[in-house]
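Participant: First the structure, which I've put down as structure tokens, then a few questions once you've had a look.
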Amino acid sequence: MSFPKPTKEQIDAFAERGWLVVENAIAKADLDLIENKLESLLTDKERLAFDWAWDESEDRENRSFRIVQSWPSLVWKDIADQAYRKWLVEFGAALMQTPMTFWYDQFLAKPPGKSVPTEWHQDEGYWGRNLDNKGITCWIPLQDVDANNGCMHFIDRGHLDGILQHRRVEGMASDLLTCDVDESRMVVCPIARGSVTFHHSKTPHMTTANTSRGWRKAVTNHLHAVGVEGEGDHYPWKVHVNQGLDLKGRAPAAESL
Ligand SMILES: O=C(O)CCC(=O)C(=O)O
């Protein structure tokens, strides 16, 4: 199976709507390898992951990991050489109509039974001002996803509305942020394993809680335009919560935590 090439219709749809589903993008063997390589991020989560929905009533040692947040490069040294990674950079650059470079990835997993939504946000709400309209994210679920186990929901054309005011999610000790959106423009994106979504860095999006019997696992890949030097100033709502892990130099994204 070869990776799909972006069509003019896809490029135009992304420019207009700020998000895109690409069906049958990544082969089963590649997904199996990703899942296998990243399994230890779950089994060793106390050492290798944050709880992105850390409940403020729980002390650090008893975090319930309602959203496991970790970094694939911690356990997969040559991940950058994988064909899927090269493909998503090429595809993302075509959608943004400008050269893009890989920035960082995250492993985001929601356990069965006790997870929570990843609340509405724009990726730029977490990033510095240098990323203004200069980012794109490719989200790869590792199983079929729908609204019952945490698929993507987008605000259609929301990338054209500017940066929204974000705030911390009530009750969280983590850096989880949220913003108010016009849900009448919401598009729910259930997709099969092998399909992926792309969204612009200003597109408001969320994923629902996982109410299924299995884990909901995903790898999200953040790219920025070539030439962006550092994040620049953060918005005033940004919080830095390092959950006591020493990840500096081992996971690129952790540099800014
Ligand atoms: O997987 C999730 O729960 C959220 C992912 C997300 O917000 C992103 O990839 O930008």
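Just so you know, all these numbers are worked out from the coordinates, no wet-lab data involved. Predicted, not measured: the structure shown is a model, and the values here were computed from it. Cβ atoms come from the backbone with ideal geometry, glycine included; neighbour counts cover every protein chain shown.
Participant: What's the extension gain from Glu46 to Asp59 if we count 0.36 nm per residue and subtract their Cα-Cα distance?
Facilitator: So the extension gain works out to 3.4 nm.
Participant: Next question. List the residues whose amide H sits under 5 Å from the amide H of Glu231, counting only those 5 or more places along or on another chain, with H placed 1.01 Å from N in the peptide plane.
Facilitator: Those lying under 5 Å, H to H, from Glu231: there are none.
Participant: Take the Cα atoms of the stretch 86-135, find their three principal axes, and give me the spread along each one in whole Å, biggest first.
Facilitator: 41, 27, 16 Å, listed from the longest principal axis down.
Participant: Here's another thing I want to ask about it. Along the Cα→Cβ direction, 7 angstrom out, place labels at Ile163 and Glu229. What is the inter-label distance in nm?
Facilitator: About 2.0 nm separates the two model spin labels.
Participant: Then there is this: How many percent of Cα pairs in the chain exceed 25 Å?
Facilitator: Every Cα pair in the chain considered, those over 25 Å come to 39 percent.
Participant: Shifting gears a bit: Which lysines, if any, have their Cα less than 25 Å from the Cα of Lys8, not counting same-chain residues under 8 positions apart?
Facilitator: Lys86, Lys134, Lys202
Participant: Based solely on C-alpha atoms, express the radius of gyration and the Dmax of the stretch 76-164 in angstrom.
Facilitator: Rg, Dmax (Cα atoms, Å): 14.9, 42.
Participant: So what J values fall out for the stretch 41-46 if you push phi through Karplus, 6.51 cos²θ - 1.76 cosθ + 1.60 with θ = phi - 60°, rounded to Hz, Gly and Pro as x?
Facilitator: 5, 8, 5, 10, 5, 4
Participant: Hey, in the GNM for the chain with a 10 angstrom Cα cutoff, which one of His234, His121, His224 fluctuates hardest?
Facilitator: Per the Cα network of the chain with a 10 Å cutoff, His234 tops the list.
Participant: Before rounding to the nearest 500, sum -39500 (n - 2.57) across all DSSP H runs of length at least 4 in the chain and divide by the residue total; then give [θ] at 222 nm in deg cm²/dmol.
Facilitator: -5500 deg cm²/dmol, from helical runs alone.
Participant: Next question. How far is the Cα center of the stretch 100-153 from the Cα center of the stretch 193-221, in Å?
Facilitator: 6 Å
Participant: A further question follows. Length gain on complete extension for the stretch Val188 to Asn242, per 0.36 nm per residue less the alpha carbon to alpha carbon distance?
Facilitator: Result: 16.3 nm gained on full extension.
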